1. Looking at the square roots a ≥ b ≥ c of the eigenvalues of the Cα gyration tensor of the stretch 48-116, which shape do they give, rounded for a/c under 1.5, prolate if a/b is larger than b/c, or oblate?
2. Where the only charges are on Cβ atoms (+1 Lys, Arg; -1 Asp, Glu), what is the dipole of the stretch 40-153 about its Cα centre, to the nearest 20 debye?
3. Contour minus end-to-end for GLU126 and GLU69, with contour as 0.36 nm per residue of separation and end-to-end as the Cα-Cα distance?
Amino acid sequence: MARTKSPDGDLFSRAELLRQLHGENDRELRLEAEAARGEPLLQALVAAAAIISYADGRMDMAERRRLIEAFSASPPLDGFSVADLAEELAYYMRAYAYDPISAEARALAGLGTTVLSPGHKQIVTEMCGRVLAADGMVHPAELGALDRIQKVLEVEEAR
């Protein structure tokens with residue numbers, strides 16, 4: 001426990017300082033808990049984005065930059081840093097570089113086992129639409145990837 005001293009040594013001032021310190025700790029714990037609850041959403045979003053981005057065989061740097069911009073502008077991801085996003089994307093970049101077929105299979109399996117609310121599933125499908133447009137053109141393979149994602153998430157097609 002951190003030692004606190006009031007500037008004037010007053011016991012009541014010290015008690016107020018301790019209450020403030022505990023209040024700050026409680027807020028930090030609540031924020032961490034909210035981020036932990038949102039982590040499956042982040043992982044699902046990044047997995048879906050990777051599936052679509054790599055469907056045409058590659059993800060160039062411009063597409064990756066636009067993808068990060070789209071994620072950064074997304075209100076549901078306010079609690080996550082760009083570093084969190086970059087870390088998740090790096091995992092998929094390595095996996096797709098090694099074996100694209102098994103990387104997609106793992107990403108789809110991860111999506112299928114992630115527990116998401118209907119609202120979160122909607123957020124994932126909306127983000128997929130942004131990812132489709134991130135590289136400037138929609139490839140037929142990307143549309144096929146979107147269909148696979150929607151089937152795994154058990155959502156209606158929104159075309």
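Just so you know, all these numbers are worked out from the coordinates, no wet-lab data involved. Quantities reported herein were computed from a predicted structural model and do not represent experimental measurements. Counting neighbours? That spans all protein chains shown, and the Cβs are built from the backbone with ideal geometry, glycine included.
1. Since a/c reaches 1.5 but b/c is at least a/b, the shape of the stretch 48-116 is classed as oblate.
2. Taking the Cα centre of the stretch 40-153 as origin, the dipole is about 160 debye.
3. 19.0 nm
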